[in-house]
């Protein structure tokens, strides 16, 4: 037998699906301005990982009070941007990605903030699925500016039908 005949075939690799623009993001999660914190999602590997993009500008409403003399994006909003990126990935991996789903935070663990994010920065939010069981998903996230990690966290969320969320109110 030749080497070619005895080697096992390479494992199937999940393919990147490309990008989702702002309109596709808004079709998948209910967030809207001023609380929609991602502009685009790139490098999507269905149900596994992706990179959210946030172009941080001085026009963000939170900069009026955080802090007027030295504007800094609040760390909790960076974590929220991680969650929104993960939410888009989860909903996008479902059979009907535009089917009115809502994603609720359950936990935030090991959050670390490494350096400030300021106007003019392009925030790249790298998220990766750790696991999921039923409607509960757990992700790790790293936010980067110019390739440098500025924040990181692990977090979990539950995805529910919008109609079920309304009946729980």
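Every condition in (1) closer than 18 Å to residue 45 by Cβ; (2) touching a strand residue (DSSP E or B) at 6+ places or on another chain (Cβ under 6 Å); (3) modelled with pLDDT of 95 or more is met by residue 84 except one, and the failing one is (2).
Table: residues versus (1) touching a helix residue (DSSP H, G or I) at 6+ places or on another chain (Cβ under 8 Å); (2) farther than 17 Å from residue 30 by Cβ.
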position: 47; (1), (2): yes, yes
position: 50; (1), (2): yes, yes
position: 59; (1), (2): no, yes
position: 62; (1), (2): yes, yes
position: 73; (1), (2): yes, yes
position: 79; (1), (2): no, yes
position: 83; (1), (2): no, no
position: 94; (1), (2): no, no
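Would you be able to say whether some residue in region 3-15 is touching a strand residue (DSSP E or B) at 6+ places or on another chain (Cβ under 8 Å) and at pLDDT 95 or above? I'd like the intermediate steps shown before the answer.
Taking region 3-15 and keeping what is touching a strand residue (DSSP E or B) at 6+ places or on another chain (Cβ under 8 Å), we get 14-15.
From what is left, the residues that are at pLDDT 95 or above are none.
No: region 3-15 contains no residue that is touching a strand residue (DSSP E or B) at 6+ places or on another chain (Cβ under 8 Å) and at pLDDT 95 or above.
Go through region 44-57 and give me each residue that's assigned to a strand (DSSP E or B) and surrounded by 15 or more Cβ atoms within 10 Å (Cβ to Cβ). Before the answer, list the steps.
If we filter region 44-57 for residues that are assigned to a strand (DSSP E or B), which is where we start, we get 44-45, 49-55.
Hits for region 44-57 are 44, 45, 49, 50, 51, 52, 53, 54.
With respect to (1) under 27 Å from residue 135 (Cβ atoms); (2) at pLDDT 95 or above; (3) buried (at least 18 other Cβ atoms within 10 Å of the Cβ), the lone exception for residue 117 is condition (1).
Yes/no per residue for (1) within 21 Å of residue 43 (Cα to Cα); (2) crowded, with 21+ Cβ neighbours inside 10 Å; (3) at pLDDT below 90:
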residue: 73; (1), (2), (3): no, yes, no
residue: 102; (1), (2), (3): no, no, yes
residue: 109; (1), (2), (3): no, no, no
residue: 112; (1), (2), (3): no, no, no
residue: 134; (1), (2), (3): no, no, no
residue: 165; (1), (2), (3): no, no, yes
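Name the single residue, out of those in region 35-58 being at pLDDT 95 or above and out of contact with any strand residue (DSSP E or B) (no Cβ under 8 Å at 6 or more places or on another chain), that is nearest to residue 99 (Cα to Cα). Per the criteria, the residue is 36.
The values are calculated or read from the model by the stated rules, or taken from the named source; none is laboratory data. Since we're looking at a predicted model, the values are computed, not measured. Every residue, glycine among them, receives a Cβ derived from its backbone with ideal geometry; neighbour counts consider all protein chains shown.
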